[in-house]
Amino acid sequence: MKLHAALACALICATAALESVPADAFQSVARGNVAVVDNFLARDVVAALRGDAEELWDAGLYSAPTRDTKLKRRNERFVLRGSVWRDFGVGRGTARSRVAATMDKVRDACAARLGRADLQRTPPARHEFSYTRFAPGASLARHVDEHHEETKGTEGWRAPTRRSVTWLVYLNERDVAGGRLRAYERRRPIAGDAQVGATADGDLQVGWLRASAADPVERPVFLASRLHDKEGNCALRVGDAVVSRPFHASPTLYVNADFVLQSLFLDASLAKRFQRLEELRTPLNPDPPIQGEYESRDVAPLAGRLVMYDS
């Protein structure tokens with residue numbers, strides 16, 4: 001697992017800013033919501049990082065992702081990659097090195113409070129940092145940052161880590177038009193003891209069991225890839241209970257309608273409640289409308305604001 005940091009994702013201990021992530025922010029992430037912490041970075045820190053980001057942009061060190069399917073038009077998003085970001089001999093490296101040092105402490109807090117010990121075992125170089133710059137009018141399509149390795153085919157196992165928690169820290173000089181993060185949070189209550197997003201043993205959530213009259217709470221559904229059978233099968237589970245027959249996971253899980261996964265359930269009543277995390281996308285409908293059970297939440301890109309959520 002790793003932390004993904006974008007837009008100068010930085011957590012710096014400064015006199016005029018918070019020195020740690022508040023407890024309620026971790027609680028929001030653990031429940032599948034977005035945590036927002038205002039004035040997380042002091043103004044002078046924001047100014048230093050913004051100046052650094054602009055100087056490195058003027059130096060031509062940003063690049064446009066070659067396969068960014070989340071963009072509605074090409075060449076609207078430019079990124080300063082982690083290899084450059086971590087070169088503290090370039091630009092205002094002192095500010096960035098302080099960020100990296102502080103992130104070690106925040107990573108430890110995430111590992112403890114979110115029950116993700118692998119965050120501490122992952123080498124610091126595997127935790128992503130970047131500056132991101134968007135062109136006027138740019139828009140990212142709705143998406144989930146991370147998917148289970150088993151749904152990516154062989155490509156999913158080429159890297160030793162994956163994203164676990166996503167951080168955004170905004171560096172805008174003043175209030176800007178647009179640039180808001182739109183998050184979709186579940187409308188119904190979630191089972192009180194349910195773990196959301198990822199488990200300590202590495203399973204990732206792939207859907208929800210919607211609330212019903214008999215069970216008036218929502219329950220996360222995980223793809224379990226450690227059945228230890230000879231065929232290397234996976235299964236769906238809710239809590240500690242396996243709720244599907246064994247099956248071979250593949251990328252086709254993300255290009256088929258809900259009924260494909262629903263057909264795997266052992267209990268027809270649970271199958272009817274199942275909803276995937278993402279709607280089915282096709283070449284004719286690349287950005288389908290989100291189905292019920294969610295309510296949208298817009299987060300403005302205010303300078304110094306920290307946004308944190310499960311990847």
Exercise. Go through ARG116, ARG162, ARG133 for me and flag whichever is modelled with pLDDT of 80 or more and either within 30 Å of GLU218 (Cα to Cα) or among the aromatic types (Phe, Trp, Tyr) (or both).
Key: ARG116
Exercise. Those residues that are of a type in the set (Gly, Ala, Ser) and either crowded, with 16+ Cβ neighbours inside 10 Å or assigned to a strand (DSSP E or B) (or both), I need them from region 113-138; list them, please.
Key: SER130, ALA138
Practice problem: Within region 91-112, work out how many residues are within 19 Å of LEU49 (Cα to Cα) and surrounded by fewer than 17 Cβ atoms within 10 Å (Cβ to Cβ). | Solution: 6
Quiz item: Quick check: anything in region 221-231 out of contact with any helix residue (DSSP H, G or I) (no Cβ under 7 Å at 6 or more places or on another chain), open to solvent by less than 30 Å² (accessible area, probe 1.4 Å), closer than 19 Å to TYR294 by Cβ and part of a loop (DSSP other than H, G, I, E, B)?
Solution: no
Quiz item: How many of the residues in region 18-66 are open to solvent by 70 Å² or more (accessible area, probe 1.4 Å), in a helix (DSSP H, G or I) and in contact (Cβ under 8 Å) with a residue 40 or more places away in the chain?
Solution: 2
Exercise. For region 166-180, state whether one or more residues are closer than 19 Å to LEU223 by Cβ, surrounded by fewer than 19 Cβ atoms within 10 Å (Cβ to Cβ) and modelled with pLDDT under 80.
Key: no
Quiz item: Which residues, counting only those in region 73-103, are in contact (Cβ under 8 Å) with a residue 40 or more places away in the chain, of a type in the set (Gly, Ala, Ser) and either under 16 Å from GLU128 (Cβ atoms) or touching a His at 6+ places or on another chain (Cβ under 7 Å) (or both)?
Solution: GLY82
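The values are calculated or read from the model by the stated rules, or taken from the named source; none is laboratory data. In this text, all values refer to a predicted model and were calculated from it rather than measured experimentally. Note that each Cβ is placed from the backbone with ideal geometry, even for glycine, and that neighbours are counted across all protein chains shown. For accessibility, only protein heavy atoms count, side chains too; no ligands or nucleic acids. Shrake-Rupley method; radii C 1.70, N 1.55, O 1.52, S 1.80 Å.
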